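Engineer: Questions regarding the structure given below will be posed in turn.
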Amino acid sequence: MSLEDSLQTIANMYDKEKAEFTQTANYLLSSTYILREDNKNRISKTYLFVDRHFDLFYEYFSLVGWKIYRNKEYGVIYTYNESASNKLRLDKLSTVILLTLRIIFEEKRVTASSNNNVVVTISEVLGKIVNDFSIFKKRPSQKELKQSFGTFEEHNLIYKLGESFSDMDCKIVLLPSILFAVSNEKCKNICEKIKVEKEQEDEEAEQVAVD
C-alpha cells in the first residue's frame with residue numbers, strides 16, 4: 001500500500017475509527033511499546049487495532065521519520081526513530097536498572113509463564129546491581145527508584161503488582177518488550193561501558209587513598 005493510498009484510507013475512515021487511529025498513534029509515540037496482552041492477561045484492543053491496520057500505521061509513521069515494528073512471537077508492537085533528538089535519555093541509575101532487568105528477563109524467561117512475562121521483586125533487582133555487578137555501593141533513594149521504574153512502566157516495559165516501587169518487596173512484571181528496548185548487542189556494549197567507568201572510578205579512588 002502506497003503512502004497516498006494509506007492517507008486516503010485514513011481520510012475515508014468513519015469519525016470514530018479515525019479518532020481511534022489518531023489516539024492510538026499518539027499513544028504509540030509516547031509509550032513506544034504495545035503488548036498483545038494487558039496486565040490482566042486479556043488481549044489488548046489497542047494491539048489488535050494496530051495489528052489490523054499495521055500497513056496504515058507503517059506509512060503514517062514513515063511520513064514523520066518513524067518506523068513501526070511488529071513481533072508476533074512475543075506479541076509486541078513498537079516504534080523507533082533513529083534521530084537522537086527523539087530518544088529517551090536515561091541517567092546512569094536508570095540505564096543500569098534497565099540493563100539488569102533485561103539480564104534477569106533473559107535468565108528467567110525459560111521458566112516464565114506462557115505469556116512470556118517474568119516476575120521479580122525490587123529487592124532482587126537491587127541485589128543483582130549492588131552485589132553481583134558491584135556498580136553502586138549503596139542502595140538508591142526511594143525517589144530515584146520511583147523515577148526509574150516509573151519511566152519503564154510508562155513505556156510498557158514493566159508493571160508493578162505492589163503499591164510502590166520504593167517497597168523492596170514490591171513485585172514487578174518484566175514484559176517481553178524489554179527484549180526490544182535493549183538488544184543483545186546493545187546489552188553487551190552497555191556492560192562494557194559500565195565496566196570501563198567502574199575501573200576508572202576504582203583507579204581514581206585508589207589514587208585519592210594514596211595521596
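The values are calculated or read from the model by the stated rules, or taken from the named source; none is laboratory data. Just so it is clear, the model here is predicted, and its values are computed rather than measured. Note that each Cβ is placed from the backbone with ideal geometry, even for glycine, and that neighbours are counted across all protein chains shown.
Engineer: Taking into account only those residues within the stretch 1-41 that are among the charged types (D, E, K, R) and not in a helix (DSSP H, G or I), which is modelled with the lowest pLDDT?
Structural biologist: Narrowing the stretch 1-41 to residues among the charged types (D, E, K, R): 4-5, 15-18, 20, 36-38, 40.
Restricting the remaining residues to those that are not in a helix (DSSP H, G or I) gives 36-38, 40.
Working: R36: 95, E37: 91, D38: 85, K40: 81.
Of everything passing the filter in the stretch 1-41, K40 is modelled with the lowest pLDDT.
Engineer: Moving to a separate point now. Run A112 past the list (1) in contact with a strand residue (DSSP E or B) (Cβ under 7 Å, 6 or more places away or on another chain); (2) at pLDDT 85 or above; (3) surrounded by fewer than 16 Cβ atoms within 10 Å (Cβ to Cβ) and report the number of the one that doesn't hold.
Structural biologist: The single condition A112 does not satisfy is (2).
Engineer: Sticking with this structure for a sec: Just a yes or no: is a residue in the stretch 197-204 assigned to a helix (DSSP H, G or I) and at pLDDT 75 or above?
Structural biologist: no
Engineer: The conditions are (1) crowded, with 16+ Cβ neighbours inside 10 Å; (2) closer than 29 Å to V119 by Cβ; (3) not assigned by TED's automatic domain parsing to the domain that holds N131, and W66 fails exactly one of them. Which is it?
Structural biologist: Going through (1) crowded, with 16+ Cβ neighbours inside 10 Å; (2) closer than 29 Å to V119 by Cβ; (3) not assigned by TED's automatic domain parsing to the domain that holds N131 one by one, W66 breaks only (2).
Engineer: Further question on the same structure: In the stretch 149-163, which residues are assigned to a helix (DSSP H, G or I) and more than 16 Å from F105 (Cβ to Cβ)? Working first, answer last.
Structural biologist: We begin by selecting, within the stretch 149-163, every residue assigned to a helix (DSSP H, G or I); these are 149-154.
Passing the criteria: G150, T151, E154.
Engineer: Still on this structure, please answer the following. For the stretch 72-80, state whether one or more residues are assigned to a loop (DSSP other than H, G, I, E, B), crowded, with 19+ Cβ neighbours inside 10 Å and β-branched (V, I, T).
Structural biologist: Looking through the stretch 72-80, none of the residues is assigned to a loop (DSSP other than H, G, I, E, B), crowded, with 19+ Cβ neighbours inside 10 Å and β-branched (V, I, T).
Engineer: Please determine, by comparing only the residues of the stretch 86-109 that are part of a loop (DSSP other than H, G, I, E, B) and among the aliphatic types (A, V, I, L, M), which one is modelled with the highest pLDDT.
Structural biologist: L90
Engineer: Can you find even one residue in the stretch 15-38 that is of a type in the set (S, T, N, Q), closer than 29 Å to K193 by Cα and out of contact with any Phe, Trp or Tyr (no Cβ under 6 Å at 6 or more places or on another chain)?
Structural biologist: yes
Engineer: Does E73 satisfy the condition of being in contact with a Gly (Cβ under 8 Å, 6 or more places away or on another chain), on the phi < 0 side of the Ramachandran plot and at pLDDT 90 or above?
Structural biologist: no
Engineer: With in contact (Cβ under 8 Å) with a residue 40 or more places away in the chain and not β-branched (V, I, T) as the only criterion, which of Y33, Y27, Y47, Y14 stands out? Write out each step before concluding.
Structural biologist: Values: Y27 fails: in contact (Cβ under 8 Å) with a residue 40 or more places away in the chain; Y47 fails: in contact (Cβ under 8 Å) with a residue 40 or more places away in the chain; Y14 fails: in contact (Cβ under 8 Å) with a residue 40 or more places away in the chain.
The match here is Y33.
Engineer: Sticking with this one: Taking S83 as meeting all but one of (1) within 28 Å of Y58 (Cα to Cα); (2) modelled with pLDDT of 85 or more, write down the number of the exception.
Structural biologist: Unmet for S83, out of (1) within 28 Å of Y58 (Cα to Cα); (2) modelled with pLDDT of 85 or more: (2).
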